[in-house]
Amino acid sequence: MNSKKLEEKLKESKLGGGQNRIDAQHKKGKLTARERLELLLDSNSFEEIGGFVTHRSTNFGLEKTKFLGDGVVTGYGTVNGRMVYVYSQDFTVLGGSLAEAHAEKICKIMELAMKNGVPIIGLNDSGGARIQEGVVSLGGYADIFYNNTKASGVIPQLSAIMGPCAGGAVYSPALTDFIFMTKNTSYMFVTGPNVVKTVTNEEVTAEELGGAETHMVKSGVTHFACENELDTIENLKTLLSYIPQNCEEIPKNLSYEFQDEKRPQLDLTIPENPNQPYDVREIIHQLTDADSFFEVHKEFAENIVVGFSRLAGRSIGIIANQPAVLAGVLDVDASVKGARFVRFCDAFNIPLLVLEDVPGFLPGTDQEWNGIITNGAKLLYAFCEATVPRITVITRKAYGGAYDVMNSKHIGADMNFAWPTAEIAVMGAKGAAEIIFKKEILNSKNPEDKLKEKQDEYAAMFANPYNAASRGYVDEVILPSETREKLIKAFKISENKKTTIPKKKHGNIPL
């Protein structure tokens, strides 16, 4: 079945109904396990493994019927010509519940994926552990979790949540690199609404508790919230195009024809008023190849923007402060969001571009009590640890400890550029003047005028990139319009970068 027919079927299914279990899936706007694989994989490329496996339990009526495959379709195929291993859980078979044989099938292809250095994609649609098989089901989950952990950083692991994903079923996706959820039909929660009501007396729907919007905006559990299953699978395929097969390869470069790489529009991007916001995505779109920016975690911690893009055909990861939200400050959620993305890119040899406009860390009791110190350190640790090519462009503010954290020269950045509008200092000119010249301001006849005078004095000295450039903390002060040219050359020269790190089992990131 081609994608056009599948799309028609999905649209029809939202209007119609049926009598059997498959029709019930379609009525909810859901595809079957095999239809999802047909949509994901190249035509006629799927090779099934374990199609004749059945469950082994004979308790509680399970001896009466045997289901081939035991509720999960596993195998391998290609996505746009690239080999992947896949599993697709079938909710029409015992609710997609996981037990011994089901888990063994998933573990088998995970192990094959690791041996062969190939990404693994899980299409999750499961009610959780099969209670009829007891502790065997729990053991099956633990086996999968163990394989997820072994595969982490070795091969890309992608999870698409296509239906309910409850209890132990949520932890395998949580251990993978990226999670996709489908709006209105997929849910993730450790304990469902009924248990929540029993224990806490809270009335909450499945959508409110663990729907795609909830996990996209509030918890940050999911990286993508997609409109329907077709959208989910298309986004999954798009993400796959930016990443390599495994940790020993680099992403495939697309062919690119060089033209005039200057971007005059960038010279007009930064507002004259240093406190006026702007959308950093405008800069990203100007710097990168046309229509290549693929944002991750778009609606979570919006004061930092992360995602994949291409620069002259080269796949890169972008981390950018967002002045349009909370002035671009770093807080708990933004730090964790950025750190996780940096670590993924470093694990899979994807160069990093940092666009910096950060006035500092968000102050307040809420941030301090929720661990901004430890969480901010996660982003710092991630950048310090990263060995891929790392380039920073300071567009405007780079204040305080946030200057250090956002891929400064001091923590191993390979190349640091600054625009003439850059302000690199311990803090803003007004706050600095109030501290340094406090007595002089208080003793003056006109404190307001004196504060303005001292503020301008401090700004002239530090609210620019030249002091930092004189010390080598900034490699070059460039016009915004020249930035794309400079980045293309800088990433090209650093593509064979080699870094020696101290021998150790692993570091201890401040979790």
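Every number in this text was worked out from the coordinates using simple rules, so none of it is lab data. All figures in this text were calculated on a predicted structure; none of them were measured in a lab. Don't worry about glycine lacking a Cβ; one is built from the backbone with ideal geometry, like all the others, and counts go over all protein chains shown.
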Original post:
Label-point separation (nm) for Ile250 and Glu448, each offset 7 Å from Cα along Cα-to-Cβ?
Top reply: 5.9
**OP:** For segment 469-511, build the convex hull from the C-alpha positions and give me its volume per residue in Å³.
**Re:** 171
Original post:
Under the Karplus relation 6.51 cos²θ - 1.76 cosθ + 1.60, θ = phi - 60°, what is the ordered set of whole-Hz ³J(HN,Hα) values for segment 335-347, x standing for Gly and Pro?
Top reply: 5, 5, 4, x, 5, 4, 5, 4, 5, 5, 4, 5, 4
Original post:
For the Cα atoms of the chain, what angle does the longest principal axis make with the long axis of helix 483-493, in degrees from 0 to 90, nearest 10?
Top reply: 70
Subject >> Estimated 222 nm signal from helices in the chain, with DSSP H stretches of n ≥ 4 weighted -39500 (n - 2.57), rounded to 500 >> reply: -10500 deg cm²/dmol
Subject >> Whole-Hz ³J(HN,Hα) from phi, Karplus 6.51 cos²θ - 1.76 cosθ + 1.60, for segment 431-444, glycine and proline x >> reply: x, 5, 5, 5, 7, 5, 10, 3, 5, 4, 5, 5, 8, 7
Original post:
By how many nm would the segment from Glu234 to Ser152 grow when fully extended, if each residue of separation counts as 0.36 nm and the alpha-carbon distance is taken off?
Top reply: 27.2 nm
**OP:** Would you kindly derive the ³J(HN,Hα) couplings of segment 319-333 from the backbone phi angles with the Karplus curve 6.51 cos²θ - 1.76 cosθ + 1.60 (θ = phi - 60°), listing them in order in whole Hz, with x for Gly and Pro?
**Re:** 10, 9, 5, 10, x, 6, 10, 6, 6, x, 5, 8, 10, 4, 5
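Give, as a single signed number, the net charge of other residues whose beta carbon lies under 13 Å from the beta carbon of Val204, with Lys and Arg counted +1 and Asp and Glu -1.
Charge balance near Val204 sits at -2.
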Original post:
How many nm is it between the label spots at Glu434 and Glu227, if each spot is 7 Å from the Cα in line with the beta carbon?
Top reply: 4.7
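Above 15 Å lies some portion of the pair distances; for segment 270-360, what is it as a whole percent of all C-alpha pairs?
56
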Original post:
Which semi-axis lengths, in whole Å and largest first, follow from the square roots of five times the eigenvalues of the Cα gyration tensor of the chain?
Top reply: 48, 25, 21
**OP:** Kindly identify segment 143-289 as rounded, prolate or oblate by the Cα gyration tensor criterion: order the square roots of the eigenvalues as a ≥ b ≥ c, call it rounded if a/c is under 1.5, otherwise compare a/b with b/c, prolate if a/b is larger, else oblate.
**Re:** oblate
Subject >> Principal semi-axes in Å for segment 31-240 [√(5λ), Cα gyration tensor, largest first] >> reply: 24, 22, 15
Original post:
Angle between the Cα long axis of helix 447-462 and the longest principal axis of the chain, 0 to 90 degrees, nearest 10?
Top reply: 70
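Please give the length that would be gained between Phe52 and Lys504 if that part of the chain were fully extended, namely 0.36 nm times their separation in residues minus their C-alpha to C-alpha distance (nm, one decimal).
Computed gain between Phe52 and Lys504 is 158.2 nm.
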Original post:
What angle, in degrees between 0 and 90 and rounded to the nearest 10, separates the Cα long axis of helix 372-385 from the longest principal axis of the Cα atoms of the chain?
Top reply: 90
**OP:** Show the residues, 5+ positions off or on another chain, whose built amide H is closer than 5 Å to the amide H of Val72.
**Re:** Asp90
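For Leu511 and Thr65, what is the calculated FRET efficiency with R₀ set at 56 Å and r taken between the beta-carbons, to the nearest 0.05?
Taking R0 as 56 Å, the efficiency between Leu511 and Thr65 is 0.80.
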Subject >> Ranked packing of 120-130, 241-251, most packed first, by mean Cβ within 10 Å >> reply: 120-130, 241-251
Subject >> Summed residue charge, Cβ within 14 Å of Ala490's Cβ, Lys/Arg positive, Asp/Glu negative >> reply: +1
Subject >> Ascending count of other beta-carbon atoms within 10 Å, so fewest first, for Tyr87, Tyr146 >> reply: Tyr146, Tyr87
**OP:** Take Thr78, Thr32 and order them by how many other Cβ atoms sit within 10 Å, fewest up front.
**Re:** Thr78, Thr32
**OP:** Return the long-range amide H neighbours of Gly360 (sequence gap of 5 or more, or a different chain), with a cut-off of under 5 Å between placed amide H atoms.
**Re:** Leu330, Tyr399
Original post:
Using the per-residue mean of other Cβ atoms lying within 10 Å as a proxy for protection, in what order, highest first, do the peptides 425-432, 381-388 fall?
Top reply: 381-388, 425-432
**OP:** Tell me which residues come under 5 Å, amide H to amide H, from Val296 once H is placed; ignore anything under 5 positions away on its chain.
**Re:** Val306, Gly307, Phe308
**OP:** Give me the distance in nm between label points sitting 7 Å out from Cα along the Cα-to-Cβ direction at Asp42 and Ile411, one decimal.
**Re:** 4.1
Original post:
Taking the alpha-carbon centroid of each part, what is the distance from segment 252-320 to segment 124-191 in angstrom?
Top reply: 33
